[in-house]
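First up is the structure itself, then whatever we jot down about it.
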Amino acid sequence: RLAAQAPTVGQPAPTVTVADLDGKPVRVGLSTAKRAAVVEFWATWCELCRALLPSMRTAQHQYGDRVDFYGVNVTVNDSREHVRRYVTQNHPPFVTVYDDRGVAVRAFGALATSHVVIIDRSGRIAYIGDGADQNIPAELARVVGK
């Protein structure tokens, strides 16, 4: 079940705790350091997510010193071991969490993979997008500056 209403641009972002691939809790959303954040909902089989990887890699390269990057694996047809192998082989540019309880999916109203949410330093949602053609570096430039 999704949240009664998915958060929209301008609203406070949810902050949820989801386990990483080793079972350690990770806070997804606003960091305690008040850094901006990029949250991508993805799966190993998602073609749109694969196509979005270059944009995410560029964004992480340009803004990783000022922005936290989270990859929320939606766990649909993805075992924890399969995700671990994918991450080891492909080195996605984010901290990977395994949302097997759907906590982040519900909180952010992520209806599909390749769903990206950018949260500004004040904890508000600055961008929501879906699909392979998102320009994450340009969106981050708008949110955190060049």
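The values are calculated or read from the model by the stated rules, or taken from the named source; none is laboratory data. As the structure is a computational prediction, the values presented were derived from the model and not from experiment. Here the Cβ positions follow ideal geometry from the backbone for every residue, glycine too, while neighbour counts run over all protein chains shown. Ligands, DNA and RNA are stripped out before the accessible areas are found, and what is left, the full protein with its side chains, is counted by its heavy atoms. Shrake-Rupley method; radii C 1.70, N 1.55, O 1.52, S 1.80 Å.
Here are the numbers for the structure shown:
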| read-out | value |
| --- | --- |
| Test: residue in the stretch 105-124 that is in a helix (DSSP H, G or I), open to solvent by less than 70 Å² (accessible area, probe 1.4 Å), closer than 27 Å to residue 23 by Cα and of a type outside the set (Phe, Trp, Tyr) | yes |
| Test result for residue 97, in a helix (DSSP H, G or I), crowded, with 21+ Cβ neighbours inside 10 Å and in contact (Cβ under 8 Å) with a residue 12 or more places away in the chain | no |
| Check on residue 58, assigned to a loop (DSSP other than H, G, I, E, B), touching a helix residue (DSSP H, G or I) at 6+ places or on another chain (Cβ under 6 Å) and either of a type outside the set (A, V, I, L, M) or within 24 Å of residue 11 (Cβ to Cβ) (or both) | no |
| Residue within the stretch 94-108 that is among the acidic types (Asp, Glu) and either in contact with a Ser or Thr (Cβ under 7 Å, 6 or more places away or on another chain) or farther than 20 Å from residue 27 by Cβ (or both) present | yes |
